[in-house]
Amino acid sequence: MSEIDLRWQLRQLPREIEPPRDLWPGIAARIQPRRAGHSRRWLAGLALAASLLLAVGLAWRLQRPASAPAEDGEAVIVAAQARAINDEYEAALRQFDGAPMAPEYNDSLRSLDHSLVEIHRAIAADPGSVFLLEQLQKTYSHRLALTQRAVTG
């Protein structure tokens, strides 16, 4: 069969064909939002709200300039702020308790956890260090953001 014959047969085919039944109900049922997707969006929104609350709280606590010299009373304040940051972070992280996490994030999460341990040790050695307090806050923010990504995808 030549190309001309194929083109002629193609031209003979009807331009439109009506399906034997209405296909729209089946299509509509398949594109309806699924409950799991809805809950993921809700969880992502909740995680974003918790992150913003944590960031605002930490920014409010760290209003003092980093270049100010540490004093004896300041060491007590920095230690108290470090504990408060830790408590806020743990409260924000509790929202993910029991949520399945993507395994490809495990190494990064462990690395951030190790960094947090090291920062806490450094704060214990230099309790008046505002720089270390800021590093603690940044690392907690990174850890929380990565946890959100691992849970919500």
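The values are calculated or read from the model by the stated rules, or taken from the named source; none is laboratory data. Quick caveat, the model's predicted, so the values are computed rather than measured. Don't worry about glycine lacking a Cβ; one is built from the backbone with ideal geometry, like all the others, and counts go over all protein chains shown.
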Practice task
Taking residue 147 as meeting all but one of (1) over 15 Å from the mean Cα position of the chain (by Cα); (2) crowded, with 18+ Cβ neighbours inside 10 Å, write down the number of the exception.
Solution key: (1)
Practice task
Filter region 117-135 for residues that are touching a helix residue (DSSP H, G or I) at 6+ places or on another chain (Cβ under 6 Å) and surrounded by fewer than 18 Cβ atoms within 10 Å (Cβ to Cβ) and give the result.
Solution key: 122, 135
Practice task
Considering only region 87-128, state which residues are modelled with pLDDT of 85 or more and of a type in the set (S, T, N, Q).
Solution key: 106, 108, 111, 115
Practice task
Output yes when any residue across region 61-70 is touching a Gly at 6+ places or on another chain (Cβ under 7 Å), modelled with pLDDT under 80 and of a type outside the set (S, T, N, Q), and no when none is.
Solution key: yes
